[in-house]
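Asker: Sharing a structure here in C-alpha cells format.
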Amino acid sequence: MVSFILNGQIHSVNHVLPETTVLDYLRETLGRTGTKEGCASGDCGACTVVIAEAQEKTLKYRTSNACITLLGTLHGKQLITVENLSSDKTLHQCQQAIVNCHGSQCGFCTPGFVMSLFSHFKNYSSPDRDQLIESLGGNLCRCTGYKPILNAGVSMYENGSADKFDKNESDTIRMLKGLPKEDPNLILDTRKFCTPKSLDELADILLDQPNARLLAGGTDLGLEITQELAQPKLIVYTGSIEAMTCIEDRDHTFHIGGAATYTDVSPLLVSRWPTLGELFNRLGSVQIRNQGTIGGNVANASPIADTLPPLLALDATLTLRKGSRRRVLALKDFFIHYKVTALEKSEFIESIQIPKGDGSEYFVVYKVSKRMEDDISAVCLALRWRLYDNSLRDVRIAYGGLAEIPKRSIAAEKALEGNDFKESSIRDAMSAVSQEFSPIDDVRASAKYREKLAKNLLFRAYLAATQNKSNLRVTDYCA
Ligand SMILES: Cc1cc2nc3c(=O)[nH]c(=O)nc-3n(C[C@H](O)[C@H](O)[C@H](O)COP(=O)(O)OP(=O)(O)OC[C@H]3O[C@@H](n4cnc5c(N)ncnc54)[C@H](O)[C@@H]3O)c2cc1C
Ligand code: FES
Ligand code: FES
C-alpha cells in the first residue's frame, strides 16, 4: 500500500498498475483535472505539481513533472496540486499575482506555472528575477508571453511570504511521520511497484528478479512508459534507500549515492568545480533536476548525457553491487557500445566516487545545445590538466556527442601529455580529435558541425586558461 497526503488527508492506494503516473492517477482516477497534460515527456511543465517531504522540522517543497513521476514514488510524501492552493475561496498569493498581472490567456499552461511559482514562493523569501527565470525554465507558454508571468512572480511577495502551508506545517510533518512504513508497494495481478528500504533488500530483489526495472528519478524511464508504452512487470524504486541518496564529502572523494538527485548533489560539486554550475543549470529544468539523478544518467548511458564527460575527465569510479558482491569500476570502462554498459544482470550502481583532486587542476566543461534552457547537448567537452613548469600533465579530455558512447579522446590527451602549454600543442590535440572521432549527423547537429565544435571547444579551453577566463559562458564565445 502506498500512502501519501493529498488535500490535507492521508490517501492510500494499492491495486494499480506499477507504471501509473501521478498525472494519470490525478486526472483519470481522482478526476482532479487542474493538472494538465501537454507533452507527457517532461518538457512543457503543464503537469507541474509540488511534492513536499518532511525534514527535521520543516517541509522541503519541490516541483515535479507529474507526467513522468510514478505514483509509487509518492509514498511518505505530500502531493500538492493546483486545486490545493486556495483556501476559503481566497486565491494563494501566487495565483492572485497571475490574475493581477494578466499572466494567463488560454490558461492551459497556467496551473503548471502557478505550481512553479508556488514552489519558488516556498523556497525563496524575496523576488529575484534571475532565480525566477530559473524556476520557470521548465514551463512553456504559447500565448501569454513570459513577461506578465515573471511580473507575477515578482509581485506575489507584496503581501508577505506567509501562507496556509506555513500554518499547517507542523501538522503535516506529524502526519507524514505517522504514515504506515510497511510494504509501500503497488500490486495489480502479477505486476508490481516496490520500494525497498535497504541496499541488502534491493540487492536480494534484483538477484531474485533479474529483469526488474530500476527506477531512480524516472526522467528517462518515465519516457519509456509514456512514449514507448513500456509495461515493466516489476519496478523497483531506489529513492527511499538512505545509502542510495547519500552525498558525502570524504577525505579524497565525493561519494554520491546512486539515487541522489541533481538538486541535492549540485551545490557540493559546484562549490568544488564552479564550471559545473552552468552545466547543472542547463541540465533539463528545475523539475527534471529535482527528480533526475547522476546514477540514472550513468546507467542510461546516453552518448549526450551531460554529466558523463565531466565525470570521465575527473576519473570517477562506480561501485557496482550484485547480491553481496561489490566491485569498483572506472567510469571509462563502463560504457561498451551505444547504451550497452558493463552492468551485469542483477547488478546496480550503488554509488559514484569522484576524486576531489588537490585543487591545482585546471578543469572546464562546455555544453553546446540549440537552446539555452531545457535542451540536451549537441556536443559537450570536459577537460582537465595540471601544469608543472609550463608542462601539461594528467590531461583528460572527454566528449559527449562525438561517438556512440561518452568517451575520452585518448589521442588528444596523448598529444598534450608532457608537452608545453602553448598554442601549437593545442592545435596538435585538435587534429588528433578530428582523426579519432567520426561523429554522426542528426537533428541536434551535423557531423561537420560536431567535429568543428569539438576542436573549437578545445581551443576555447586553452584560450580561457591563457586568459584565466575559465568561467565564460559558451554564448560569450559563440557571439
Ligand atoms: C525534459 C527532459 C530534459 C532532460 N534534459 C537532460 C539534459 O539536459 N541533460 C542530460 O544529460 N539528460 C537530460 N535528460 C535525461 C534525464 O533527465 C537524465 O538522464 C537523468 O539523469 C536520468 O536520471 P533518473 O534518475 O531520472 O533515471 P531513471 O529514469 O530513473 O533511470 C534511467 C535508467 O537507469 C536505470 N537505473 C536507475 N538507477 C539505477 C541504478 N542505481 N543502477 C543501475 N541502473 C539504474 C533505470 O532502470 C533506467 O534504465 C532529460 C530528460 C527529460 C525528460
Ligand atoms: S505534460 Fe509536459 S511536462 Fe508533463
Ligand atoms: S496561457 Fe495559453 S499556453 Fe500559456
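Asker: I want to check the label-to-label distance for Ala162 and Asp130. Put each point 7 Å from Cα in the C-beta direction and report it in nm to one decimal.
Answerer: The two pseudo-label positions are separated by 3.1 nm.
Asker: Cα gyration tensor of the range 311-376, axes a ≥ b ≥ c as square roots of the eigenvalues: rounded (a/c below 1.5), prolate (a/b > b/c) or oblate?
Answerer: Oblate is the answer for the range 311-376, as a/c is 1.5 or above yet b/c matches or exceeds a/b.
Asker: Let me ask something else about it. Along the charge dipole of the chain, pointing to its positive end and built from +1/-1 on Cβ of Lys, Arg, Asp and Glu, which listed residue (Cys101, Leu70, Ile51) has its Cα farthest out?
Answerer: Cys101
Asker: Using R₀ = 60 Å, calculate the FRET efficiency as 1/(1 + (r/R₀)^6) where r is the Cβ-Cβ separation of Thr190 and Ser431; round to 0.05.
Answerer: 0.55
Asker: Placing unit charges on C-beta atoms (Lys and Arg positive, Asp and Glu negative, everything else neutral), compute the dipole magnitude of the range 242-355 about its Cα centre in debye, rounded to 20.
Answerer: Roughly 340 debye for the range 242-355.
Asker: How far is the Cα center of the range 32-63 from the Cα center of the range 368-423, in Å?
Answerer: 37
Asker: Residue by residue, what Karplus-based ³J(HN,Hα) values in Hz, rounded to whole numbers, does the range 360-371 have, using 6.51, -1.76 and 1.60 with θ = phi - 60° and x for Gly and Pro?
Answerer: Listing the rounded values in order: 8, 7, 9, 9, 9, 9, 10, 10, 10, 9, 5, 10 Hz.
Asker: Relative to the Cα centre, what is the charge dipole magnitude of the chain, using +1 at the beta carbon of each Lys and Arg, -1 at the beta carbon of each Asp and Glu, and rounding to the nearest 20 debye?
Answerer: It works out to roughly 500 debye.
Asker: I'd like to compare 163-171, 261-269, 301-309: which one has the highest average count of other Cβ atoms within 10 Å, and what's the full order after that?
Answerer: Listed from highest to lowest mean packing, they are 301-309, 261-269, 163-171.
Asker: Of the options Thr238, Tyr146, Tyr262, report the single residue whose Cα projects farthest towards the positive end of the charge dipole of the chain (beta-carbon charges: Lys, Arg +1; Asp, Glu -1).
Answerer: With unit charges placed on the Cβ atoms, the residue in question is Tyr146.
Asker: For the pair Asp208 and Cys246, how long in nm is the line joining their label points, each one 7 Å along Cα→Cβ?
Answerer: 2.5
Asker: Nearest 20 debye, what's the magnitude of the dipole of the range 81-221 about its Cα centre given +1 on Lys and Arg Cβ and -1 on Asp and Glu Cβ?
Answerer: Charge dipole, the range 81-221, about its Cα centre: 420 debye, nearest 20.
Asker: Could I ask something else about it? Under the Karplus relation 6.51 cos²θ - 1.76 cosθ + 1.60, θ = phi - 60°, what is the ordered set of whole-Hz ³J(HN,Hα) values for the range 65-78, x standing for Gly and Pro?
Answerer: Ordered by residue, 3J(HN,Hα) equals 8, 4, 5, 10, 9, 7, 3, x, 6, 7, 3, x, 10, 10 Hz.
Asker: With each pseudo-label sitting 7 Å past Cα toward Cβ, what's the Asp441-Arg371 distance in nm, one decimal?
Answerer: With each label placed 7 Å out from Cα toward Cβ, I get 2.4 nm.
Values in this text are rule-based calculations from the coordinates and carry no lab data. Remember, it's a predicted structure, so these values are computed and weren't measured experimentally. As a convention, Cβ positions derive from the backbone with ideal geometry for all residues, glycine included, and neighbour counts pool all protein chains shown.
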